[in-house]
Structures are given as C-alpha cells and as structure tokens.
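Have a look at the structure below, then the notes.
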Amino acid sequence: MTQNPAPAQAPPLVLTVAGSDSGGGAGIQADLKTMLALGVHGMSVIAAVTAQNSLGVQGYWELPPEAVRAQLDSVLSDIGAHAVKTGMLASTPLVETVAEVLATVDAPVIVDPVGVSKHGDTLLAAEAVEAVRTRLLPVATVATPNLWEVEQLTGVKVVDESGLREAAEAVKALGPAWVLIKGGHLPGEPADLLFDGTTEHRFTGPRHDNRHTHGTGCTLASAIASHLALGADVPTAVARAKEYVTGAIAAGFPLGGGIGPVDHGWRLR
C-alpha cells in the first residue's frame, strides 16, 4: 500500500507591504522574487499601483486605507509573518494605517522609506514625510534609507563616507532599533553603515560597471527581512543581504529603452 508523504513544513514567512511595479523590477514584484530566491514564503499587501517601465513612473494610484488594512488583517490573522518589509506607502493615511498595524506585530519590521524612484519620480507625498518620521520609523527593527531619503527625513546631507555616521545618528534618533545608511551613490567604493545607537558595522563591496540597477533598494530590504526570518541576527542578515544584492547588480540586464533591473535569480543561472 502506498503511503501518503508526510506533510511539508512551511518555510519562514515574510510579508511585503509596498507598491506594484508593472515593469517587474522593483516594488512588490522585486520583493517576492527576492523572497523566493532566498528560500522564504513571500506574501504581499499592495498599497499602491504604479504604471512604470524602464524609462520611469508614468503614474501611480494609492489603494484606500481600508483595503490596505483588510489585506494586513487577512494575512496576519490567519498566516502570520516571521518578518515584514515595507516599501512605497505614498500617503499619510497609508503610512499611518500600516504603522498602526505593525506596532502590534511580534516580528522584525524592515522599513525602506521609499521617497523617489530610480528615475527620480516622487513616490511619497511631501505631507507624508512627517508620518514616516513619527509613526513608521519608530516601529522599525531596521530602517534602510538611501542618501536622498536621509536628507528628506532629517535634513542631513551626506557628501562622502565620513558623513555616514552623522546620517545614521540622525535617523536613529527617529526611533528605529537599527539604521542602515546606504552609501552606494557616493564616489568611490560603495559603503553602507549599520548602526544601533552604539555599535557600527561597515559593509563595502565592488562597484560594478552596470547601469541596470532598478530595484536595488527593494531587493536589499526584502533580503534583510528574509534572512531575519531565517534566523540571522541583524548584522548577519545585512551582510548576507548585501552579498545577494551585489550579485544581483552584477547580473543586471537591459530591459526596454531605459534602466534595466537587477537579476533576482542570479544564483540559479
């Protein structure tokens, strides 16, 4: 008699709360590809829909806060999550809704405070910046701003690697447990600074001659969330996420007439 196989155990669970990228390189699509590549089960709450391609963002539409809350409640009440990542939230009501729910979640929260796209298109209403400062960042286990977002949130402008510590301290003062300042846009070798208010960890890597880098911020934050869900501590999760993103950038490919995406499946090729 044939026996039924033992039921499979679910992998770690990671939830992304972000916008949809119709071009597939960033946003929800990048998050779920990253999670699959790293061996966790990705789930999604869509907060906004963008019309987007390799040339830029042609438009975006927020979902109603009640729709975002319903998605959050649906996933968290039944399935749960071992880590949560937030991305594009667009407006004050959406930021406040997501922050209110995540304050009750017993899992690490990675906040990518998305303010602008790779092409320079604004993805966060100006009046929503204060809600990110006062409502969302205080619930973050790790916040992952780039240098433009650091300036938007704190007024600190970083022009070289020596300014990363000041930026980290300014963002840390807004409430996250850890801050990862992404310094990839600085001249020279890319350097990021992870800071918990006391201890700093610096991460460097090669700069690849590759313009196809769409989705790097989303991918990094999702990779950190995935590794936290897999059981790593924060510095280890960031180090492993950096290694994954560096490989994805190196394998980035052309798509359409503009900036192509990183390759989320580079380890499979």
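Quick check, is residue 137 under 25 Å from residue 237 (Cα atoms), buried (at least 20 other Cβ atoms within 10 Å of the Cβ) and either of a type in the set (Val, Ile, Thr) or out of contact with any helix residue (DSSP H, G or I) (no Cβ under 7 Å at 6 or more places or on another chain) (or both)?
Taking the combined requirement at face value, the residue satisfies it.
Assess whether residue 150 counts as being more than 24 Å from residue 214 (Cα to Cα) and buried (at least 23 other Cβ atoms within 10 Å of the Cβ).
Judged against the criteria, residue 150 is not a match.
Could you list, in sequence order, all residues of region 202-229 that are more than 20 Å from residue 20 (Cβ to Cβ), in contact with a strand residue (DSSP E or B) (Cβ under 7 Å, 6 or more places away or on another chain) and surrounded by 24 or more Cβ atoms within 10 Å (Cβ to Cβ)?
If the condition is that a residue be more than 20 Å from residue 20 (Cβ to Cβ), in contact with a strand residue (DSSP E or B) (Cβ under 7 Å, 6 or more places away or on another chain) and surrounded by 24 or more Cβ atoms within 10 Å (Cβ to Cβ), then 224, 228, 229 are the ones that fit.
Which one of 241, 225 is without any contact (Cβ under 8 Å) to a residue 24 or more places away in the chain, in a helix (DSSP H, G or I) and not hydroxyl-bearing (Ser, Thr, Tyr)?
On the way: 225 fails: without any contact (Cβ under 8 Å) to a residue 24 or more places away in the chain.
Of the residues listed, the single one that is without any contact (Cβ under 8 Å) to a residue 24 or more places away in the chain, in a helix (DSSP H, G or I) and not hydroxyl-bearing (Ser, Thr, Tyr) is 241.
When the residues of region 131-161 are filtered to those that are in a loop (DSSP other than H, G, I, E, B) and among the small types (Gly, Ala, Ser), which remaining residue is nearest to the chain's Cα centre (by Cα)?
Across region 131-161, the extreme among qualifying residues is 140.
How many of the residues in region 101-129 are at pLDDT below 95 and either assigned to a helix (DSSP H, G or I) or in contact with a Cys (Cβ under 7 Å, 6 or more places away or on another chain) (or both)?
Total satisfying the criteria: 4.
Based on this model, can you work out whether residue 76 counts as out of contact with any Leu (no Cβ under 7 Å at 6 or more places or on another chain) and surrounded by fewer than 23 Cβ atoms within 10 Å (Cβ to Cβ)?
yes
Quick one: is residue 188 surrounded by fewer than 16 Cβ atoms within 10 Å (Cβ to Cβ) and touching a residue at least 24 places away in the same chain (Cβ under 8 Å)?
It is true that residue 188 is surrounded by fewer than 16 Cβ atoms within 10 Å (Cβ to Cβ) and touching a residue at least 24 places away in the same chain (Cβ under 8 Å).
If residue 19 meets every condition in (1) at pLDDT below 95; (2) under 13 Å from the mean Cα position of the chain (by Cα) apart from one, which number is that one?
Just one mismatch for residue 19, condition (1).
Condition check: within 22 Å of residue 122 (Cβ to Cβ) and buried (at least 23 other Cβ atoms within 10 Å of the Cβ). Does residue 52 satisfy that? Give the derivation first.
Values: within 22 Å of residue 122 (Cβ to Cβ): yes; buried (at least 23 other Cβ atoms within 10 Å of the Cβ): yes.
In short, yes.
I need every pair where a residue in region 11-32 that is surrounded by fewer than 24 Cβ atoms within 10 Å (Cβ to Cβ) has its Cβ under 6 Å from the Cβ of a residue that is assigned to a helix (DSSP H, G or I), sequence separation at least 6 or different chains.
Qualifying pairs under 6 Å: 12/229; 20/27; 20/28.
The values are calculated or read from the model by the stated rules, or taken from the named source; none is laboratory data. Since this is a predicted model, take the numbers as computed values, not measurements. Ideal geometry is used to build each Cβ from the backbone, glycine not excepted, and the neighbour counts take in all protein chains shown.
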